[in-house]
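Reviewing the structure listed below.
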Amino acid sequence: MSSSESHAQEAHGHDDHDDGKVHVHIAPAKFYWGIFGALVVLTIITVKVSYYDFGSANTIIALLVATMKASLVAAFFMHLRHDKLFNTFAFLSAFLFLGIFLLLTSDDLFKRGRTDNAYGTKVFTPTGEVAPGGFQSAMVVPSASAGGHGEGHGEPPKHH
Amino acid sequence: MSAKGGHPNFLQHHFDTPAQQFDASKLGMWVFIATEILMFGGLFVAYGIFRGNDAEVFFSAHQLLDKKMGALNTIVLLFSSLTAALAVRSAQVGKRQQTSLYLVITIACACIFLVVKYFEYTHKLHDGLLPGHCFGHPWFGDKCLDHGGPAQPLSVEGLPPRANMFFALYFAMTGLHGLHVVLGMSILVWVLIKNIKGHFSPEYFTHVDLGALYWHLVDLVWIYLFPLLYLVG
């Protein structure tokens with residue numbers, strides 16, 4: 001099974017020893033400190049950037065910096081860079097399915113009516129009538145057709 | 001770790017070689033990490049939906065969070081990730097005492113994180129910024145409903161209605177994360193005890209490696225939590 005030699009566990013990189021022993025890439029301690037330094041710099045950047053307003057790009061910038069930090073942690077602190085590639089696939093597949101989850105959920109929910117600020121019910125913005133799938137309010141919702149206030153349908157508002 | 005007939009003690013009977021055992025353990029841990037990402041992901045999707053619906057509400061409400069405490073917690077967790085990685089490295093080169101030292105520092109950083117969180121949470125309780133129907137009533141150890149009637153939207157800070165949704169998400173996400181911090185600490189304490197007893201060597205450091213991987217996951221989640229809750233309006 002195993003060769004009789006004992007190998008010193010030094011920083012070889014990828015060895016193809018067939019002796020069945022565990023061989024890992026061991027980085028120098030300074031390298032980990034360097035990655036930590038980069039992470040701190042990215043944190044400072046993300047905090048400073050948050051004080052400026054880039055409109056709708058705010059979220060994207062924040063997520064971009066966060067992903068850079070996460071990549072550093074995953075690749076080097078969690079050793080994915082020098083590990084079997086399949087571990088990286090397992091890790092990334094979680095984000096892939098999360099993306100599908102977010103995509104399909106938002107595609108459904110954001111195609112419904114907008115929230116009416118006054119009453120908190122979901123209404124179609126052009127007409128103002130209550131959207132299907134939105135919750136009803138006991139308060140009066142002005143209807144699209146002129147004249148006549150309709151009664152809200154039953155339930156008291158569930159939100160607080 | 002003396003080998004009997006070429007078989008190390010730590011090698012379990014259903015594995016052929018230590019390398020195969022180590023690879024299997026690692027893969028198992030990564031699959032578990034994937035499930036944890038999906039669990040937190042559920043809350044992140046909820047955050048995305050509620051924020052998409054009520055962007056202005058989120059913008060007003062998130063300013064009540066203390067950015068400085070959040071940033072401090074971020075640095076503390078990043079540092080603890082560093083010491084966890086250094087602990088694994090020390091185990092890989094067989095330096096037992098150094099491994100223990102780095103594990104202790106990591107656990108200490110986790111305690112600091114929880115203390116800062118404690119101060120944040122108590123501040124929220126005193127301000128009445130609680131999730132759900134308690135919103136608007138400062139918590140003095142009584143049931144909030146005893147203050148008379150359902151809670152009104154908080155008007156002291158001039159928060160718009162439905163601001164309690166932000167705090168519901170805040171407590172759920174940071175609470176679940178805090179629970180994982182406690183779990184990660186327990187795992188690291190267990191690994192520390194095993195290390196002190198001398199169970200690990202350059203040939204067998206799996207516990208340290210996988211325990212540190214769990215801790216890095218906790219850090220990863222916070223890396224995303226911090227900007228989305230504290231920084232982005």
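Convert 20 °C to kelvin, take the viscosity as 1.002 mPa s, use the Kirkwood radius over C-alpha pairs of the range B:1-112 as Rh, and evaluate the Stokes-Einstein diffusion coefficient in µm²/s, rounded to a whole number.
Estimated diffusion coefficient is 117 µm²/s.
Work out the mean other chain Cβ neighbour count within 10 Å for the residues of A:86-97 and drop it here as an integer.
Rounded to a whole number, the mean comes out at 5.
What whole-number value in cubic angstrom gives the convex hull volume per residue for the C-alpha atoms of the range A:29-86?
Details: hull volume 3.8 nm³, N = 58.
Enclosed volume per residue, from the Cα hull, is 65 Å³.
Over every pair of different alpha-carbon atoms in chain B, take the mean of 1/r and invert it; report that Kirkwood radius in Å.
20.0
Which residues among the range A:28-52 fall inside the zone where the amide N is under 15 Å from a point 7 Å beyond the Cα of B:Leu101, along Cα→Cβ?
The answer is A:29-30.
Among B:Val88, A:Val22, B:Val115, rank each residue by its count of other Cβ atoms within 10 Å, from fewest to most, as a rough exposure measure.
Lowest count first: B:Val115, A:Val22, B:Val88.
Order the peptides B:96-109, B:201-214, B:7-20, A:57-70 from the highest to the lowest mean number of other Cβ atoms within 10 Å of their residues.
Values: B:96-109: 19.4, B:201-214: 21.8, B:7-20: 14.2, A:57-70: 17.4.
Result, highest mean Cβ count within 10 Å first: B:201-214, B:96-109, A:57-70, B:7-20.
For the range A:73-82, in order, what is each residue's ³J(HN,Hα) by Karplus, 6.51 cos²θ - 1.76 cosθ + 1.60 with θ = phi - 60°, in whole Hz (x at glycine and Pro)?
Running phi through 6.51 cos²θ - 1.76 cosθ + 1.60 with θ = phi - 60° gives 5, 5, 6, 10, 5, 8, 6, 5, 4, 10 Hz.
Apply 1/(1 + (r/R0)^6) to the Cβ-Cβ distance of A:Lys48 and A:Glu129, taking R0 = 35 Å, and write down the FRET efficiency to the nearest 0.05.
About 0.15, to the nearest 0.05.
For B:Ser201, which sequence-distant residues (separation of 5 or more, or a different chain) have an amide H within less than 5 Å of its own amide H, given hydrogens modelled in the peptide plane?
For B:Ser201, whose amide H was placed from the backbone, there are no distant partners under 5 Å.
Between B:Thr35 and B:Phe119, 0.36 nm times their residue separation minus their Cα-Cα distance comes to what? Numbers along the way, then the final one.
Details: separation 84, 0.36 × 84 = 30.24 nm, distance 3.04 nm.
Going from the current span to full extension adds 27.2 nm.
Taking each residue in A:98-109, count the Cβ atoms of any other chain within 10 Å of its Cβ, then average. What number comes out? Provide the component values of the computation, followed by the final result.
On the way: counts 8, 2, 0, 6, 5, 1, 1, 4, 4, 0, 1, 5.
Counting other chains' Cβ atoms within 10 Å and averaging over A:98-109 gives 3.
In peptide B:92-103, what is the residue-averaged number of other protein chain Cβ atoms found within 10 Å of each Cβ?
Working: counts 7, 6, 1, 0, 0, 0, 1, 0, 0, 0, 0, 0.
The per-residue average across the peptide is 1.
Computed from the coordinates by the stated procedures, all read-outs in this text should not be read as laboratory data. Please read these numbers as outputs of a predicted model, since none were measured by experiment. A quick note on method: Cβ atoms are made from the backbone with ideal geometry, for glycine too, and the neighbour counts reach across all protein chains shown.
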